[in-house]
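Input: a single structure, listed below in structure tokens.
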Amino acid sequence: MRTILHSDLNNFYASVECLKNPALKNVPMAVCGDPAARHGIILSKNELAKAAGVKTAEAIWQAREKCPELVLVGTDFPAYLRYAENMRRIYADFSDRVEPFGLDEAWLDVSNVGADGQTIADEIRTRAKRELGLTVSVGVSFNKVFAKLASDLKKPDATTCVTVENFRNTVWPLPVRALLYVGPATERRLLARN
């Protein structure tokens, strides 16, 4: 049976900005396209902004209504790329079968590595924190869809396993939108079939 990991760097852009400027860890902050123009969307936010109700992909003005003290930071894609490349070097120590999914996510096929998936996932989390200062949530499963779903179930900084033994109890109670590529339109269509 295959062992697939899905690794998702937590609040990636915001986390990198907090590493560059540690004072940002203590305030609700978000990364957006153009903070000076005050238009655009939230690309990433830290845990304090998340606790205030700020959501990724919402308009800056909507985020400000929820969290007036929100600190906005512009993007630094060269920095994000450097961190992503460093994270991929960590992945390469565990598998030569790595499939990036954007800068901050990747699937790893560790079926032939010789260690169980949870142990590998925990080691990836430890190394990301120690070597890069970033946290990562890792899902472990027997396919890519369930591995991705598992990485979303516990955040930040967690390993979650969806196995052949527990997938019915873990996945079936979830809303259909928890599945990869199921957005609002697909969710409406699927729910209409009931």
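The values are calculated or read from the model by the stated rules, or taken from the named source; none is laboratory data. What you are looking at is a predicted structure, and each value in this text was computed from that prediction instead of being measured. Glycine also receives a Cβ, built like all others from the backbone with ideal geometry; neighbour counts cover every protein chain displayed. These accessible areas exclude ligands, DNA and RNA; they are computed on the full protein's heavy atoms, side chains included. Shrake-Rupley method; radii C 1.70, N 1.55, O 1.52, S 1.80 Å.
Scan the helices (runs of 4 or more DSSP H) fully inside region 10-125 and keep the ones with 2 or more residues being open to solvent by 70 Å² or more (accessible area, probe 1.4 Å), of a type in the set (D, E, K, R) and closer than 18 Å to Lys155 by Cβ.
Hits in region 10-125: 47-51.
What about Val164, is it out of contact with any Cys (no Cβ under 6 Å at 6 or more places or on another chain) and under 15 Å from Leu179 (Cβ atoms)?
Values: out of contact with any Cys (no Cβ under 6 Å at 6 or more places or on another chain): yes; under 15 Å from Leu179 (Cβ atoms): no.
No: the conditions fail for Val164.
From the residues in region 174-193 that are open to solvent by less than 50 Å² (accessible area, probe 1.4 Å) and among the hydrophobic types (A, V, I, L, M, F, W, C), which one is modelled with the highest pLDDT?
Residue satisfying both the conditions and the ranking: Ala185.
If you go through region 114-131 one residue at a time, how many are without any contact (Cβ under 8 Å) to a residue 60 or more places away in the chain and hydrophobic (A, V, I, L, M, F, W, C)?
Number satisfying all stated conditions: 1.
Regarding Lys66, is this residue out of contact with any strand residue (DSSP E or B) (no Cβ under 9 Å at 6 or more places or on another chain), of a type outside the set (A, V, I, L, M, F, W, C) and under 18 Å from Leu132 (Cα atoms)?
No.
Scanning region 129-173 for residues that are closer than 30 Å to Pro22 by Cβ and among the hydroxyl-bearing types (Ser, Thr, Tyr), which turns out surrounded by the most Cβ atoms within 10 Å (Cβ to Cβ)?
Filtering first and then ranking leaves Ser151.
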